[in-house]
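Accompanying notes for the structure given below.
The values are calculated or read from the model by the stated rules, or taken from the named source; none is laboratory data. Because the structure is predicted, anything quoted here is derived from the model rather than measured. All Cβ positions, even for glycine, are placed from backbone atoms using ideal geometry, and neighbour counts span all protein chains on display.
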Amino acid sequence: MRAVDIIAKKRDNILLSDEELKGFLESYLSGETTDYQMSAFLMAVYLNGLSEHELKTLTQTMRDSGELIELNGVERFLIDKHSTGGVGDKTSIALAPLLSVFGIGTAKMSGKGLGHTGGTLDKFEAIPGFKFPSTEEDMVKTIEHTGIGIMGQTENIVPLDKKLYALRDVTATVSSYPLIASSIMSKKLAVRSDGIILDVKVGDGAFMKNLADAQKLANIMRGIGEMFGRKVHIVLSGMEQPLGDGIGNGLEVYEAIESLKGNGPKDFERLITTITGIALLQKGDVNSIEEGVKLAEEKLQTGEAVKALRDFVEDCGGDPSFIENPEKFLTAKYTLEVKAEQDGYIASLMAEKVGNSAMLLGAGRETKEDEIDHAVGIVLKKKVGDKVTKGDTLAVMHYNKKNQKLEDAIALISSAYGYSDTLVSTPE
Ligand code: URA
């Protein structure tokens, strides 16, 4: 069938057969179908959605468009944890070593940050010399040695998603549930794992701004996993305010290491112990998530997991002394305290503004080509629910350049805080 006929069918809400949809997608990957035809098709999907069967065909065709990471020979139970992205989200850096001490391996791909949200790849690159494994063979080696298998995204895995995502980005078709869900799940299905845990962020700093939207996306993703026989657990976690206290690449690795010694912020520790509890349940080592969470909490107090992170970093060419002495990450030339402008309780702390403020300091990129500064960022001293007196320190800016962007970053942080005269509860 001609591309134009496929577009017309989707426009008119007529179901596409497997062959029609698969053939159309494959002809786009090969370059026969043009960007403008695919743009029209994506907009029709955005407006009319996809049937369950079409969703499966789209996901499967994307997954099969490139290499599959099969991790043959790896005997560990393998978890792929995916977060939909947020501010201060350093979960993978602490979670993978924590899972490792329970004999659970991590197998996942990670990317760079764009816009106000950070990426795991940039955070690890705050460690001098560090480079993620780029082949399956190297990933198998790090999993077998350390339990941690995190790979950078390559051109060869799910190339159709890469091509479609770039087009969606410029045709106002990113925020479509079936397109987001199939895009994320095709990448999960391309990597072998025994359990998938999806951390769907909800709130100001997240893609999904409210609980109903996040739940809808989560259900579609879980449904796709089930269609392919995968175990999928969902965690809906708050992103009204940033996760943890540190925002910025080196500062986040620092916080992840401190958390592995039981010295981390409570909200972050709660997230990593919850996900570990789910992983232990998926593996069959515990009878309930609560039982697994308790084991994870105890493990954090021992500091044992730091070794797995150290060994992974060393295997990836990074300087392990940064993990042994995490204060080595605190290298920004200057720090500046942002003070409370009034008395009261912190009622809100808008995550997106905090992320944008860190970006202005140089912690993130505005365009894909921008260089990032791994040392800069923000450490939050007050979060929602805290009582403050005028003049108290709200946040500390770590920066290297005194310029207009610094002034803008400070103004943005001050405006991210909202106050209340009455007691505000700490978010769960
Ligand atoms: N992340 C993805 O991988 N794909 C999307 O479509 C949105 C977020």
Go through the residues of the stretch 158-181 one by one and say whether even a single one is within 16 Å of the ligand (Cβ to nearest atom), touching a residue at least 40 places away in the same chain (Cβ under 8 Å), in contact with a strand residue (DSSP E or B) (Cβ under 7 Å, 6 or more places away or on another chain) and not assigned by TED's automatic domain parsing to the domain that holds residue 37. no
Quick one: what pairs do we get from the stretch 2-26, first residue on the phi > 0 side of the Ramachandran plot, second polar (S, T, N, Q) and not in a loop (DSSP other than H, G, I, E, B), C-beta under 8 Å, 6+ apart or different chains? 13/48
Whether any residue in the stretch 316-324 is touching a helix residue (DSSP H, G or I) at 6+ places or on another chain (Cβ under 7 Å), in a helix (DSSP H, G or I) and touching a residue at least 60 places away in the same chain (Cβ under 8 Å) is what I want to check. yes
Checking the structure you have, find out if any residue of the stretch 251-260 is under 30 Å from residue 417 (Cα atoms) and free of Cβ contacts under 8 Å to residues at least 60 places away in the same chain. no
Could you grab me the full set of residues in the stretch 116-143 that are in a loop (DSSP other than H, G, I, E, B), within 16 Å of the ligand (Cβ to nearest atom) and out of contact with any helix residue (DSSP H, G or I) (no Cβ under 8 Å at 6 or more places or on another chain)? 119
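Every residue, every condition in (1) of a type in the set (A, V, I, L, M); (2) buried (at least 16 other Cβ atoms within 10 Å of the Cβ); (3) within 14 Å of residue 2 (Cα to Cα), yes or no:
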site	(1), (2), (3)
15	yes, no, no
20	no, yes, yes
27	no, yes, yes
30	no, no, no
39	no, yes, no
43	yes, yes, no
46	no, yes, no
51	no, no, no
59	no, yes, no
Checking residue 408 against (1) touching a helix residue (DSSP H, G or I) at 6+ places or on another chain (Cβ under 7 Å); (2) surrounded by 22 or more Cβ atoms within 10 Å (Cβ to Cβ); (3) farther than 17 Å from residue 240 by Cβ; (4) not aliphatic (A, V, I, L, M), which test does it fail? (2)
Among the residues in the stretch 78-101, are any assigned by TED's automatic domain parsing to the domain that holds residue 199 and out of contact with any helix residue (DSSP H, G or I) (no Cβ under 9 Å at 6 or more places or on another chain)? yes
Is at least one residue of the stretch 291-311 in the same structural domain as residue 139 (by TED's automatic domain parsing), within 30 Å of residue 208 (Cβ to Cβ) and in contact with a strand residue (DSSP E or B) (Cβ under 6 Å, 6 or more places away or on another chain)? no
Among the residues of the stretch 344-353, is any part of a helix (DSSP H, G or I), touching a residue at least 24 places away in the same chain (Cβ under 8 Å), under 28 Å from residue 124 (Cβ atoms) and not acidic (Asp, Glu)? yes
Tell me, which residue of the stretch 96-115 that is under 18 Å from residue 165 (Cβ atoms) and part of a loop (DSSP other than H, G, I, E, B) is nearest to the ligand (Cβ to nearest atom)? 111
Can you find even one residue in the stretch 273-289 that is out of contact with any Gly (no Cβ under 9 Å at 6 or more places or on another chain) and of a type in the set (A, V, I, L, M)? yes
Scanning the stretch 266-321 residue by residue, those of a type outside the set (A, V, I, L, M) and within 17 Å of residue 142 (Cβ to Cβ) turn out to be 307, 310, 311, 312, 314, 315, 316, 317, 318, 319, 320
Does residue 194 satisfy the criteria of being at pLDDT 95 or above, acidic (Asp, Glu) and within 16 Å of the ligand (Cβ to nearest atom)? no
Pick from the stretch 263-294 the residues that are in a loop (DSSP other than H, G, I, E, B) and in contact with an Asp or Glu (Cβ under 8 Å, 6 or more places away or on another chain): which of them is surrounded by the most Cβ atoms within 10 Å (Cβ to Cβ)? 264
Within the stretch 165-184, residues modelled with pLDDT of 95 or more, out of contact with any Phe, Trp or Tyr (no Cβ under 8 Å at 6 or more places or on another chain) and of a type in the set (A, V, I, L, M, F, W, C) come out as 181
Considering every residue within the stretch 74-81, establish whether at least one is at pLDDT 95 or above, within 16 Å of the ligand (Cβ to nearest atom), under 20 Å from residue 305 (Cβ atoms) and not aliphatic (A, V, I, L, M). yes
Residue satisfying condition, being assigned to a loop (DSSP other than H, G, I, E, B) and of a type outside the set (Phe, Trp, Tyr), within set 175, 183: 175
